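For reference, the structure discussed in these notes is given below.
Just so it is clear, none of the values below were taken in a lab; they were calculated from the coordinates. Predicted, not measured: the structure shown is a model, and the values here were computed from it. In this analysis, Cβ positions are derived from the backbone assuming ideal geometry, glycine residues included, and neighbour counts consider all displayed protein chains.
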Amino acid sequence: MGNVVTYIVLIIGAFISVFPYLWSILTSLKPENQVFSSHFFSLPTHPDWGNYVHIFQSVDLGRYLLNTLFVAVVSVAGQVVFGSLAAYAFARLDFRGKNAIFLAYLSTLMVPNIVTLIPLFIMMKYLGWINTYYALIAPTVLGTPVGIFLLRQFFLTIPAELEEAARLDGAGILRTFVQIIIPLSRPILSTLAIITFVSSWNNFLWPLIVTNSDQMKLISVGIASFQMQYGTEWNYMMAAATVALLPLVILFLFFQRYVIESIQLTGLK
Amino acid sequence: MGGVSSHAHVDLKYGDGGMSTTISTRTVHSDKSLMREKMARSLAPYLLVFPSFVGVMAFMLIPALAVIVISFFKWNMLSPPNYVGLHNYVDILHDPIALHSIVTTAYYVLLNIPLQTVVAIMLALLLNRRLPGMGIFRALFVLPWLAAPVAISVVWQWVFDPTSGVFDALLSSIGLPRLQWLASPTEALPAVALVNIWQWTGYNMLFFLAGLQGIPKYLYEASELDGSGKVRQFFSITLPLLRPTLLFVLVTSVIGSFQVFDTVYVMTQGGPGTSTNVYNFYIFQQGFQFFHMGYAAALSVILFVVILLVTLFQMRFVGKRTTYDLG
Amino acid sequence: MKLKKKILSVIPAVSLLTLAGCGVSNDTSTSALKSQESASTSHVVTLRYMLWDPNEEIGYKKSIAVFEKLHPNIKVQIEQYPWSQYWQKLQTEMAAGTAPDLFWDHVTYFPTFVTNGQLLNLTPYIKQSHVNLKQYYPNLVKQYEYQGNIYGLPKDWDTIAIFYNKDLFAKDHVAPPTNLTWNPSTGGTLVKTAEQMTVDKNGKHPGQPGFNPNQIVQYGFMSYNSNQSFYYNFLAENGVQVLNKQFGTQVLMDTPQGVQTMQSLMNLIYKYHVSPPGSEGTLANGGANAQRLFEQGKLAMYTDGDWDLTPVVSSCKFHVGIALLPVGPKGRVSVMNGLSDAIYAKTKFPKQAWELEEWLASPQSEKILASGGYVWPGIPSEAPLFAKAWAKKGVDVTPFLTESKGKTISFPITQNWGQAENAIDKEFDLMWLNKVSPQQALQQAVQQADGALAGGQ
């Protein structure tokens, strides 16, 4: 009985989560003159793949996807490695200035990036990084405050005895970290990997500002290019958005399967 | 030896009670290898933090501090700036639109955070049960957050349309009065909040799920033996152990909703009237549409102070007992 | 401690760099002519050219392909960014001194750019290259003029006309709205026609017994909070001027005629019931809603600019007709606006940038864009090509051209207009929602707009 209620709640919630996508997928299969015809969920008279063909022809979507993939993968790798090292220090080690530094990290999130982007952009100019991958990757690859905060909160919950035991066996800090902490942190590291990947995949304003050439464009900027001053080429935009979304959905399904099953197998928790 | 003792000394001097109690003074040993290890142990934290420190410093902290400097200037980004001291700050005090946007933003945060957080926890609890199909549901709930924000905001404009939108078709089909949504000065802000809740609940749920999976099962088994019910288990085991996760979710989502921008920019442009003129949108307007970047910087500094105070408050009251022992 | 010190010394440095970023090479604008010789070496130069419209971009690519053939040592990198982020990107790049060599300029932003020395003065180049300024619409040349110098050559223009659903008019046996009149007291034949085209669920029209204004299924006309596409035209037709003069600081809309005009536009919604509700017409979504309702066949006619021809016509399943604006008490008046290409004052390649500017405003290039149906050309003699391109698609667009040759007004052009406009927009939203009267709205709007033009925060 309880399970039935659970499923009913979940199905309603899932529908709420999904219905705007149904519209965007349906729209991506319609010719322009059917986008707003009749009601919201009207089906296209003939599913039309022409929009997808059009977007790949009119902009270099393949290139944008590759750029985005590269930037996202490098960001994830850097974030997981450097972020977890820093988070471990913040959560488990004692050092002078720890809390001040941590608070400084967090405080960078509290200044709107609408205004920080000007100094940041000017800095990139002096570094000679405008319109390069460096400018796209540098802000995340050494670990971000959000990532470090997330991991720190998780590391705090790991029982201290586990580490102490290792330390008594003569393990150094790095070894304790790699052998004790990392294996216990797979769910949270995977979560971090996913959120880093998705946020660099969808990152919009900074890539738009800091790159100029078509060769450097990311997918999010490519999608927005179907917007006009007073309207939007809905069918193309939705086709592009669907193309951009697909890899994320696949990635998420893969990741969460790996995460959940690994936890249930170890049985430690 | 000198290094260690001086460290110990400085620590005593700067130690601020709960904040950073560190290497205790009794560790001064004559054993050389032990000392080397102590050295390594005291250096290690800095080495671990160093890469991130460089990144955060260069690409976030310095630009943020530059904003503080800019706030003392009149600057339109196109001509050289003029130093005006606290003038921008004084102007803000006499700016009714700025003051109104602070109230609007506070209202938005209150609409957004409680609902979003509670629903995220509840979904995480449901999805943490070992029932068939949970993986699919997890993916579906995260879907709203996976979409490119610009594309999805345009879809919501259409969902909310007062004459042919889906929501109104739904409401009128079950006999409820039609709403104006984005077109109404009283309903527009809740509508914007709704879109953000829709988009971010699944994201926050991810962290709660990870947090729940970190809670040892034996705790529940033990309490079941004691005969406690599910509700009591939630309040005596789950919630306390989720506290670090909760702190993370609250702090980051409060910071995010104080800075809400994208949805407002795409869907309402701050309107109708000034009803969704949230603070961050006003900063954008002042900076980029009205060419008052110095003023926008001063507005940002004030926002920074507000968020900082709220965050410290949260850390004190939500994060108070984060370093308990699981024992 | 040392680290801390170092960090502390870096912060002011970066802040100063930020603040100085714009001032660093301010003098290049004057030395632009001088550096001409040094830049004219034989190696290939790449110019950055930024624009916002994805449809017109296709036409510009064609024109620039020809330009590159004629100028083998110049390559052009076209950068298209959507309008909603275009200006933020441009301003950030200006702050850093790295803006594109050429970019589309709009009258809302032009005054601020030109008064802050961001644009290259083209007058010396125009003289040197003997460009015939008489070939352009004179009002378009004047738009980008400041203190007697020209900062952009006209390359296109737009006017406002009525878009109507031909099939719907034929079905309802109503004469097409090709020669309407309008006046603020009775509404003229505009309201009469709109009433005939407005239908409720039971097939009744406004004014007929039993008509239910809450169950309208088809609207005759649309009243919406858009200045250029809608109310500026009606204000002008009733003799109301928005701004006292180019680079002026006084908003003049709150005259009795101004109040009367806005009242009459509100009457379309709240008295005659021929327009979708005011909630559909608010600033953020009014334009998009008008287009959508029209495309859905729920709106018989509305006013819009020719820049929307491509998206609207390709989205409609019916035949789209274009009609002249109704004739008002002071005749028929349309807003006429044009874009120009601005050359960045700090461009490293002023000579090459000028060559591109000259090309894009030349008859040859305007011919390419006009004959592709992308945009009306700034040179009137090329205009028939645009009309011909659309005639091939079955749309007669000559009303736009007729209006351009009649009485027109320009967009308000002055410093801080963006801020003034924002104040007006917000106040007018409340008027459209019937929360304040036109009298109150105009009074408030003008007071705030004047404050903005006087340089207030």
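Couple of notes before you dig in:
- Long-range tail of P(r) for region B:198-327 (Cα pairs > 24 Å, %): 49 percent
- Antiparallel content of DSSP bridges confined to the protein assembly as shown, in %, to 5: 65 percent
- Of the chymotrypsin sites (Phe, Trp or Tyr not before Pro) in region C:114-186, those whose Cβ has at most 10 other Cβ within 10 Å and which sit in DSSP loop: none
- Convex hull volume per residue for region C:150-224, taking Cα atoms only, in Å³: 156 Å³
- Ordering B:Arg232, C:Arg48 from the fewest to the most neighbouring beta carbons within 10 Å gives B:Arg232, C:Arg48.
- Translational D in µm²/s for region A:1-48 (Stokes-Einstein at 20 °C, 1.002 mPa s, Kirkwood Rh from C-alpha pairs): 173 µm²/s
- GNM on chain A, alpha-carbon springs under 10 angstrom: the most fluctuating residue among A:Leu174, A:Leu142, A:Leu106 is A:Leu174.
- Prolate/oblate/rounded call for region B:88-317, Cα gyration tensor, a/c under 1.5 rounded: oblate
- Kyte-Doolittle mean at least 1.6, axial Cα span of 20 Å or more - DSSP H helices of chain B: B:96-127, B:239-258, B:293-317
- Shape category assigned to region C:407-457 from the gyration tensor of Cα positions, a/c cut at 1.5: oblate
- Each principal axis of the Cα cloud of chain C was taken in turn, and the coordinate range along them, longest first, works out to 81, 58, 42 Å.
- Average beta carbon contacts from partner chains per residue of C:309-316, 10 Å cutoff: 4
- Rounded to whole numbers, the Karplus 3J(HN,Hα) couplings from phi for region C:413-426 are 10, 6, 5, 6, 4, x, 6, 4, 4, 4, 5, 5, 3, 5 Hz, using 6.51 cos²θ - 1.76 cosθ + 1.60 with θ = phi - 60°, and x at Gly and Pro.
- Average other protein chain Cβ within 10 Å of Cβ, residues C:425-432: 5
- Looking at the protein assembly as shown, the pairs of alpha carbons with a distance over 46 Å make up 35% of the total.
- Normalised by the number of residues in chain A, the mean separation of alpha-carbon contacts (under 8 Å, six or more apart) gives a relative contact order of 31 percent.
- From least to most packed, judged by other beta carbons within 10 angstrom and beginning with the fewest, A:Ile118, C:Ile379, A:Ile25 follow the order A:Ile25, C:Ile379, A:Ile118.
- Cα-only radius of gyration and Dmax that characterise chain A, units Å: 22.7, 73
- Region C:310-457: radius of gyration and largest Cα-Cα distance (Dmax), Å: 20.2, 55
- Rg [Å, one decimal], Dmax [Å, integer] - region A:39-110, C-alpha atoms: 22.9, 68
- A straight chain from C:Ala170 to C:Lys62 at 0.36 nm per residue would run longer than the Cα-Cα distance by 35.0 nm.
- For B:Thr276, C:Thr178, the sequence from fewest to most other C-beta atoms within 10 Å is C:Thr178, B:Thr276.
- Spread of Cα-to-Cα distances over 10 Å intervals beginning at zero, given as percent, for region B:57-157: 11, 19, 26, 23, 13, 6, 1
- Paramagnetic reach from B:Leu176 (point 7 Å along Cα→Cβ, amide N under 19 Å) across region B:186-205: B:186-199
- For the peptides B:251-257, B:96-102, the ranking by packing is B:251-257, B:96-102, with the highest mean count of neighbouring Cβ atoms within 10 Å listed first.
- If you model region C:176-218 as an ellipsoid using its alpha carbon gyration tensor, with each semi-axis the square root of five times an eigenvalue, the axes come out at 22, 11, 7 Å, biggest first.
- Average partner coverage of C:169-182, which counts Cβ from other chains inside 10 Å: 0
- Within a Gaussian network of chain A (alpha carbon springs, distance under 10 Å), most fluctuating of A:Phe197, A:Phe15, A:Phe177: A:Phe15
- Max mean-square fluctuation residue, GNM over chain B, Cα-Cα springs under 10 Å, options B:Gly55, B:Gly135, B:Gly214: B:Gly55
- Cα-Cα over 25 Å, subset of C:Lys61/C:Lys388; A:Lys125/C:Lys61; A:Lys125/C:Lys89: A:Lys125/C:Lys61
- Burial order of peptide ranges A:189-195, B:207-213 (average beta-carbon count within 10 Å, highest first): B:207-213, A:189-195
- Counting 0.36 nm for each residue step from B:Gln233 to B:Leu131 and taking away their Cα separation leaves a gain of 34.7 nm.
- Farthest toward positive dipole pole in chain B [+1 Lys/Arg, -1 Asp/Glu at C-beta], among B:Ala139, B:Pro162, B:Met39: B:Met39
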